[in-house]
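The structure under discussion appears below in the form of structure tokens.
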Amino acid sequence: MTAKDKLESRRRFLAHVGRDAAVLLVPVALPGLLRGQSCAPPGNTTSPSAWGTDCRPLLPRRPASTLTSSEVAKLKAAYQAMRALDTTDPADPRGFTQQAHIHCFICSQSPTLQVHGTQNFLPWHRAYLYFHERILGKLIGDLNFRLPYWDWENPSHRTLPGPYTNPNNNTNPLFNGTRSMSPTDTLPAFDVDLGPALSSGTFSLFSSTLENGPHGSVHVDVGGNMGAFSTAAQDPVFYAHHSNVDKAWADWVKADPSHTNPATATWLNKSYGFFDENKVWRSITNTRLADHEGNLRYYYGTRAFEYISLLCIRRWRDLVLTLNPAASAFTHSAATLTALRGAAEKGAVHMVITDPQLPRDISAIYSVYISEREAAEDRGADSPGYIGQLSYVQGSKEHQHELPAGAIALDVSRRVKTLIERTGENVLCAVQRTPKPAQKRVLKVPFKSVSYRVGDVG
Ligand code: C2O
């Protein structure tokens, strides 16, 4: 999408939600600039030294809810030490608040460094966690320390991981008092379905489906600080959440030989700056980050590869593309309907929506329908017009940033029979589900294209 296209689709979106584009566009830059001071990295960040070879042993990151009591004690001691730096030396880039500022600065304040909505979303967060992990290790004198991950796709791990809520108060360095998710709340299954992301054939579709699907939903569901990028990393569970997002990237690469990372020089040579565990300003490239086992010395223990059997029985292929550049509506062509009819028997069908334009004024999860009437009824999965959900996380609560939407795949396998009956016009609509709106609003969602892909068995 060119810059002009982006502007155009933003204009359409703004017109759609009935706002004056000028009102929104102008204030964005100023607060961003002013607030930029507060999150900017401390010290001199002009001439980074390239990150060298990591000589640590290759060790597993493990599920946060299955850590042994001594592993939990280490994890807590590490965050305790990191938080202590906030008071003993607030300018130390290794302190907890400074660490959280990194995310605030890159992901909500610096339009030029922004990684969300781009192909650098995964590698940048991988680098961020890597240096964060090394700092935690250094602070407890154990560089073999590895971050845990919150494997929320596991049906028995859908509450906040125990160490982060036990005890559920400020004596626990992993606690955060702003969460809207309580220790007994569980994430809804459809918020954390990795299937459509993991079966995406291209890196960019995988990345944006993961980002605007389960990644965003978990941010919104945990809520509080986690609900906006400017504050998200002030909650220690952020790092366990992103460790699982990082694991999904590792799993996607392993799931199929055709799953390859971008190979352009721009992507490979893209580099990021971070303070390491010795407060030295470093740079690291996507090329190095892509190999987490060889270069970053960690892998994901237990439940790795579990998806592969699920993915391997299918050969995914793309079906007919429906292009509607200027509207929220699309019609199935006769050819699409025929192809969908053929797919109905075989099982797996994903709908791929490019650039869905959701409201930017709130972090939310939306139920998505393909007719206004069914959206107004909002019967969720029971409705024949329901096709899944999308999430959007704001840069910050104070001001809005334009994050590119990208494409997202939704699993509509169980809806093919009703989809093929839809010969008329379908209108893409979103109903805000989380956080609960006072008044239900049905939004027509402009998009760039809708297509289908089919997974054949055998
Ligand atoms: Cu940079 Cu989950 O956010």
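The values are calculated or read from the model by the stated rules, or taken from the named source; none is laboratory data. Source: prediction; values computed, not measured. Note: ideal-geometry Cβ built from the backbone for every residue, glycine included; neighbour counts use all protein chains shown.
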Original post:
With respect to His219, is the statement that it is under 30 Å from Pro257 (Cβ atoms) and either without any contact (Cβ under 8 Å) to a residue 12 or more places away in the chain or under 11 Å from the mean Cα position of the chain (by Cα) (or both) true?
Top reply: no
Original post:
What tally of residues in segment 159-195 results from selecting those that are of a type in the set (Ser, Thr, Tyr) and crowded, with 22+ Cβ neighbours inside 10 Å?
Top reply: 1
Subject >> Test result for Ala127, within 16 Å of the ligand (Cβ to nearest atom), at pLDDT 95 or above and not assigned by TED's automatic domain parsing to the domain that holds Ile408 >> reply: yes
Original post:
Is it fair to say Trp249 is within 16 Å of the ligand (Cβ to nearest atom), more than 25 Å from Ala77 (Cα to Cα) and assigned by TED's automatic domain parsing to the domain that holds Ala78?
Top reply: yes
Original post:
Inside segment 280-302, can you point out the residues that are touching a Pro at 6+ places or on another chain (Cβ under 6 Å) and not hydrophobic (A, V, I, L, M, F, W, C)?
Top reply: Arg282, Ser283, Asn286, Tyr299, Gly301
Original post:
In segment 130-151, which residues are without any contact (Cβ under 8 Å) to a residue 12 or more places away in the chain and either within 14 Å of the ligand (Cβ to nearest atom) or hydroxyl-bearing (Ser, Thr, Tyr) (or both)?
Top reply: none
Original post:
Of all residues in segment 199-242, how many are at pLDDT below 95 and farther than 20 Å from Thr118 by Cβ?
Top reply: 1
**OP:** Give the residues of segment 187-214 that are more than 16 Å from the ligand (Cβ to nearest atom), in contact with a helix residue (DSSP H, G or I) (Cβ under 9 Å, 6 or more places away or on another chain) and part of a loop (DSSP other than H, G, I, E, B), sorted by residue number.
**Re:** Pro188, Asp193, Ser199, Ser200
**OP:** Give Ser217, Ser230 a once-over and let me know the one that is within 16 Å of the ligand (Cβ to nearest atom), buried (at least 17 other Cβ atoms within 10 Å of the Cβ), hydroxyl-bearing (Ser, Thr, Tyr) and not in a helix (DSSP H, G or I).
**Re:** Ser230
Original post:
Ser156 passes all but one of (1) part of a loop (DSSP other than H, G, I, E, B); (2) surrounded by fewer than 23 Cβ atoms within 10 Å (Cβ to Cβ); which number fails?
Top reply: (1)
Subject >> The lone exception for Tyr239 - which of (1) among the hydroxyl-bearing types (Ser, Thr, Tyr); (2) touching a residue at least 60 places away in the same chain (Cβ under 8 Å); (3) away from the ligand (no atom under 16 Å from the Cβ) it fails >> reply: (3)
Original post:
From the list Pro123, Pro93, Pro111, which one is in contact with a Pro (Cβ under 7 Å, 6 or more places away or on another chain) and over 13 Å from Val237 (Cα atoms)?
Top reply: Pro93
**OP:** Please verify whether segment 411-423 includes one or more residues that are closer than 30 Å to Ala232 by Cα and assigned by TED's automatic domain parsing to the domain that holds Phe330.
**Re:** yes
Subject >> Subset of segment 372-383 [more than 20 Å from Asp193 (Cβ to Cβ) and in contact with a Ser or Thr (Cβ under 9 Å, 6 or more places away or on another chain)] >> reply: Glu374, Ala375, Glu377
Original post:
Among the residues of segment 100-124, how many are among the small types (Gly, Ala, Ser), under 18 Å from His219 (Cβ atoms) and either in a helix (DSSP H, G or I) or more than 11 Å from the ligand (Cβ to nearest atom) (or both)?
Top reply: 2
Original post:
Across segment 58-84, what is the number of residues that are under 29 Å from the mean Cα position of the chain (by Cα) and either more than 23 Å from Lys247 (Cβ to Cβ) or not hydrophobic (A, V, I, L, M, F, W, C) (or both)?
Top reply: 16
**OP:** Working only within segment 268-303, note down all residues that are assigned to a loop (DSSP other than H, G, I, E, B) and over 16 Å from Leu122 (Cβ atoms).
**Re:** Asp276, Glu277, Asn278, Lys279, Val280, Arg297, Gly301, Thr302, Arg303
**OP:** Spot the failing condition for Asp86; the list is (1) more than 14 Å from the ligand (Cβ to nearest atom); (2) outside any loop (DSSP other than H, G, I, E, B); (3) out of contact with any Leu (no Cβ under 7 Å at 6 or more places or on another chain); (4) touching a residue at least 40 places away in the same chain (Cβ under 8 Å), and only one is missed.
**Re:** (4)
Original post:
If you scan segment 19-69, which residues turn out to be out of contact with any helix residue (DSSP H, G or I) (no Cβ under 8 Å at 6 or more places or on another chain) and at pLDDT below 50?
Top reply: Arg19, Ala22, Val23, Leu25, Val26, Pro27, Val28, Ala29, Leu30, Pro31, Leu33, Leu34
Original post:
Inside segment 212-252, can you point out the residues that are closer than 13 Å to Ser391 by Cα, of a type in the set (A, V, I, L, M) and out of contact with any Leu (no Cβ under 9 Å at 6 or more places or on another chain)?
Top reply: Val220, Ala228
